[in-house]
Amino acid sequence: MPEERQLGIPTTYVPARNTVFLALALGWAEVLDARDIFIGVNAVDYSGYPDCRPEFIRMFEQLANLATRAGVEGQGFRVQAPLQHLSKAEIVQLGIRHGVDYRQTVSCYQATELGFACGRCDSCRLRAEGFAAAGVTDPTRYS
């Protein structure tokens, strides 16, 4: 049975994870002369991760435009988080409309080397709830 959702920042929190991802993407975007950076964070039914909040995305975009040549010279960057305000069910449905093979994905932070999910952590629970709410069979391989 899935564990109860805890209050506050969960034990699955990875320090500065999305900051690191966005920093790497920002550097590469400037090299490529791209102006839009995309990240798949979600703030609707997330587990309490501080780097999934809209204010984090807004502030990183401000940082990107203060800390880069492109930003200082007025070309600027936009950080786009198209999944941020969707429910997990809406994300599942969007993926299906775009042909995502969810059998090839895993959300678990404790997945085995073979890709089997634990079925107990917040990520597994939220994923399962998203598939159920979307009316779609969850193809996740649980251990």
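None of the figures in this text is laboratory data; all of them are computed from the coordinates on show. No experiment lies behind these values; they were computed from the predicted model shown. Ideal geometry is used to build each Cβ from the backbone, glycine not excepted, and the neighbour counts take in all protein chains shown.
The figures follow:
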read-out: Nearest 10 degrees, 0 to 90: helix 88-97 Cα axis against the chain principal axis; value: 80 degrees
read-out: Within region 81-137, GluC sites (Glu not before Pro) in DSSP loop having at most 16 other beta-carbon neighbours inside 10 Å; value: Glu113
read-out: Within the chain, helix-based [θ] at 222 nm, where runs of 4 or more DSSP H residues each add -39,500 (n - 2.57), nearest 500; value: -12000 deg cm²/dmol
read-out: FRET E, pair Asp33, Gln62, Förster distance 22 Å, beta-carbon r, rounded to 0.05; value: 0.60
read-out: Distance between region 127-143 and region 48-75 - C-alpha centres, whole angstrom; value: 33 Å
read-out: Among (i) 15.2, 46; (ii) 15.3, 57; (iii) 16.9, 54, the entry that matches Rg and Dmax of the Cα atoms in Å as calculated here; value: (iii)
read-out: Degrees separating the helix 122-134 axis from the principal Cα axis of the chain, which is the longest one; value: 80 degrees
read-out: Value of D in µm² per second that Stokes-Einstein yields for region 1-85, Kirkwood Rh from Cα pairs, at 10 °C (1.306 mPa s); value: 115 µm²/s
read-out: Rounded to 10°, Cα long-axis angle of helix 17-32 versus longest principal axis of the chain; value: 50 degrees
